[in-house]
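This report refers to the structure that appears directly beneath it.
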Amino acid sequence: MTALDAAAPAQVAAPPSAADQWMRRMLRLPDEAPRATEASARGLVERSLAISMARCLLTYVVLPFVVPVLGMAASVTPVVGLLVGVVAIIANIASVRRFWRADHRYRWHYTALATVIVAALCWLVVTDLVGLLG
């Protein structure tokens with residue numbers, strides 16, 4: 001601690017806004033829960049985005065070309081897409097919760113991005129279910 005650090009006044013955290021409180025309730029984050037670090041939030045976001053990216057690569061690049069080359073049935077594609085899609089949805093929701101637990105300054109920005117990603121993944125999961133059941 002330097003002399004400048006000792007002379008700086010302690011910052012008091014502003015109380016959470018009504019919107020922040022509502023979102024914390026939606027995410028089922030208890031007030032007494034320990035805070036997450038920003039580094040752990042970023043790490044989980046990176047993993048969840050990588051899973052979502054892997055799902056898209058599998059669906060649109062790997063499976064349409066590899067499955068026919070290997071002579072596998074086309075019914076494999078929806079099963080793999082469904083499994084990876086569900087994992088990606090769970091990972092994205094977990095990363096949003098971690099951003100909020102960390103009280104990250106970009107928590108609203110990331111929540112909006114993750115909402116779009118989860119909505120797209122939900123659409124793909126439904127499409128895969130229709131493919132399996134139809």
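The values are calculated or read from the model by the stated rules, or taken from the named source; none is laboratory data. None of these values were measured; they are calculated from a predicted model. In this analysis, Cβ positions are derived from the backbone assuming ideal geometry, glycine residues included, and neighbour counts consider all displayed protein chains.
Looking at the stretch 56-68, which of its residues are without any contact (Cβ under 8 Å) to a residue 24 or more places away in the chain and of a type outside the set (Ser, Thr, Tyr)? Scanning the stretch 56-68 gives Cys56, Leu57, Val61, Val62, Leu63, Pro64, Phe65, Val66, Val67, Pro68. When the residues of the stretch 36-55 are narrowed to those that are over 21 Å from Leu124 (Cα atoms) and in contact (Cβ under 8 Å) with a residue 24 or more places away in the chain, which ends up surrounded by the most Cβ atoms within 10 Å (Cβ to Cβ)? Among those that are over 21 Å from Leu124 (Cα atoms) and in contact (Cβ under 8 Å) with a residue 24 or more places away in the chain, it is Ala41.
Residues are listed down the side, and each one gets a yes or a no for (1) surrounded by 20 or more Cβ atoms within 10 Å (Cβ to Cβ); (2) closer than 15 Å to Tyr60 by Cβ; (3) among the polar types (S, T, N, Q); (4) modelled with pLDDT under 90:
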{"position": "Arg98", "(1), (2), (3), (4)": "yes, no, no, no"}
{"position": "Tyr106", "(1), (2), (3), (4)": "no, no, no, no"}
{"position": "His109", "(1), (2), (3), (4)": "no, no, no, no"}
{"position": "Ala120", "(1), (2), (3), (4)": "no, yes, no, no"}
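Taking each residue of the stretch 71-94 that is among the hydrophobic types (A, V, I, L, M, F, W, C) and looking for partners that are part of a loop (DSSP other than H, G, I, E, B) and modelled with pLDDT under 90 with beta-carbon atoms closer than 8 Å, six or more apart or interchain, yields nothing. Scan the stretch 74-105 for residues that are among the polar types (S, T, N, Q) and closer than 14 Å to Arg47 by Cα and jot them down. Those that are among the polar types (S, T, N, Q) and closer than 14 Å to Arg47 by Cα: Asn92, Ser95.
Any chance you could count how many residues in the stretch 75-115 are more than 15 Å from Leu27 (Cβ to Cβ) and of a type outside the set (Ser, Thr, Tyr)?
15
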